[in-house]
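K.L.:
My questions all concern the structure below.
Derivation of every value follows stated rules applied to the coordinates shown; laboratory data play no part. This structure is a prediction, so every number in the text was calculated from the model and none was measured. As a convention, Cβ positions derive from the backbone with ideal geometry for all residues, glycine included, and neighbour counts pool all protein chains shown.
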Amino acid sequence: MKLEKLAQDLDALLGEVQGTVAGLKPGLVNIDFDSLNQTLANAHRTLDNLDDVLLELKQYPSGFLSETHLLT
C-alpha cells in the first residue's frame, strides 16, 4: 500500500519536473554560455583578489594603509 502511494507521488513529481524542464528549454537556448562562463571566471578571479587584499589588510593594517594601496 505504501509503495503504491510512493509510486504515485514519484510519478506526479516526475511530471512536475518534466513540465518545469519543458518550460525552461526555450529560455536556455538563448543563453550565451561562453559569455556566462567568462563572467563567472572573472568574478572568481575578482573574489580571489579581494580575498588576498583583505588578508593583507588584516595581517598588516598600518603597512597596508601607508604603502601603495591608498597613495597610488
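K.L.:
Using the basic label-point model (7 angstrom from Cα toward the beta carbon), what is the residue 51 to residue 24 distance in nanometres?
P.N.:
2.7
K.L.:
I would also like to ask the following. Could you please report the charge total around residue 41, scoring K, R as +1 and D, E as -1 over all other residues with beta-carbon less than 11 angstrom from its beta-carbon?
P.N.:
Working: positive: 45; negative: 34, 48.
With Lys, Arg at +1 and Asp, Glu at -1, the neighbours total -1.
K.L.:
As an exercise, use a Förster radius of 22 Å and the Cβ-Cβ distance of residue 37 and residue 17 to find the FRET efficiency, rounded to the nearest 0.05. Don't skip to the end; give the middle numbers.
P.N.:
Values: r = 25 Å, r/R0 = 1.15.
The formula returns an efficiency of 0.30 here.
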